[in-house]
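Written below as structure tokens is the structure these notes are about.
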Amino acid sequence: MDIRTVGIVGAGQMGNGIAHVFALAGFDVKMNDISEDALNKAVALIDGNLERQVSRGKVSAEDKAAAMARIRTTTNLHELGPSDLIIEAATERETVKQAIFEDLLPHIQPHTILTSNTSSISITRLASRTDRPEKFMGFHFMNPVPVMQLVELIRGIATDEPTYKALLAVVEKLGKTAASAEDFPAFIVNRILMPMINEAVYTLYEGVGSVKSIDESMKLGANHPMGPLELADFIGLDTCLAIMNVLHDGLADTKYRPCPLLTKYVEAGWLGRKTQRGFYDYRGEAPVPTR
């Protein structure tokens, strides 16, 4: 099918990035959030990020203006109903995602493809709560969306081939690369990445190294662009913990047990960059390790 219109649920970190790349690729985008303020901030952020691309010569001023004109916003979820493709990019809680899809169902078109940007939750289970499991997929973008090249495509047990091929074509139109993953906990990227981050937290918890020494070791010793604890702060410690819990619950293997220190930071509300404190304190001029 020819996908032209895209509805995005959630105007947060992932939602605004997804809106950015779709609008730039020529799709008509309608972005929804329960907060008008969040929508206004998202549009301003997209405008700023596109302006940065213009200043670097990656996007023309005309393309930026055209992309911004393709983005509309609404606080009414039902207004996404006419979309050819809907991408849910709400918080990483299954009950929230299920409620969104249940609310959408009476308003969408027979041909509408439903997708979730979930980083770990079962696509098959989410799809089973809708009226179209064959037209439901995982559509997992990496953060920051405008920069990262990869998109994970996750088929549920009922997803049909035309739906998969339609999304494959969308990824190609976005100028990104698709990686097909089976519907098992955390898929590919987070199945590998999150246990590494969790092990880095254990290394800190057990006193093997400090925040600084752990991050410097992985940056200089393994050529990682960002240390694992710095990366955890960037992702959000609550998100890291949620994905580790999905892995632990879904695979029933003790190697995926979340580190108690990660749990403690989340309990304290120290979730990383978004709360100004995590494994680093971001309230000063430069980040300072908290341990």
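The values are calculated or read from the model by the stated rules, or taken from the named source; none is laboratory data. These figures come from a predicted structure and were not determined experimentally. Positions of Cβ are generated from backbone atoms using ideal geometry, with glycine treated the same way; all protein chains shown enter the neighbour counts.
Tell me, please, whether a residue that is under 20 Å from the mean Cα position of the chain (by Cα) and among the hydrophobic types (A, V, I, L, M, F, W, C) can be found in the range 56-68. Scanning the range 56-68 turns up no residue that is under 20 Å from the mean Cα position of the chain (by Cα) and among the hydrophobic types (A, V, I, L, M, F, W, C). Taking every residue in the range 232-254 that is assigned by TED's automatic domain parsing to the domain that holds V145 and pairing it with any residue that is modelled with pLDDT under 95 and assigned to a helix (DSSP H, G or I), at least 6 positions away or on another chain, yields no pair with a Cβ-Cβ distance below 8 Å.
Within the range 1-30, count every residue that is outside any helix (DSSP H, G or I) and either small (G, A, S) or within 12 Å of T73 (Cα to Cα) (or both).
If we filter the range 1-30 for residues that are outside any helix (DSSP H, G or I), which is where we start, we get 1-12, 25-30.
Next, only the ones that are either small (G, A, S) or within 12 Å of T73 (Cα to Cα) (or both) stay: 6-12, 25-26, 28-30.
Looking only at that region, the number is 12.
Output the helices (runs of 4 or more DSSP H) that fall wholly within the range 224-291 and possess 3 or more residues being on the phi < 0 side of the Ramachandran plot and modelled with pLDDT under 95, or say none. So the answer is 237-251. So is I192 within 13 Å of T115 (Cβ to Cβ), among the aliphatic types (A, V, I, L, M) and either at pLDDT below 95 or under 17 Å from the mean Cα position of the chain (by Cα) (or both) or not? No; evaluated as a whole, the condition is false for this residue.
Of the residues in the range 159-179, how many are of a type in the set (S, T, Y) and either in contact (Cβ under 8 Å) with a residue 40 or more places away in the chain or assigned to a helix (DSSP H, G or I) (or both)? Before you say what the answer is, go through the steps one by one.
Filtering the range 159-179 down to residues of a type in the set (S, T, Y) leaves 159, 163-164, 177.
Right, trim to either in contact (Cβ under 8 Å) with a residue 40 or more places away in the chain or assigned to a helix (DSSP H, G or I) (or both) and you get 163-164.
Here the count works out to 2.
Condition first: surrounded by 13 or more Cβ atoms within 10 Å (Cβ to Cβ) and without any contact (Cβ under 8 Å) to a residue 40 or more places away in the chain. Now tell me which residues in the range 216-231 satisfy that.
Those that are surrounded by 13 or more Cβ atoms within 10 Å (Cβ to Cβ) and without any contact (Cβ under 8 Å) to a residue 40 or more places away in the chain: E216, S217, M218, K219, H224, M226, G227, P228, L231.
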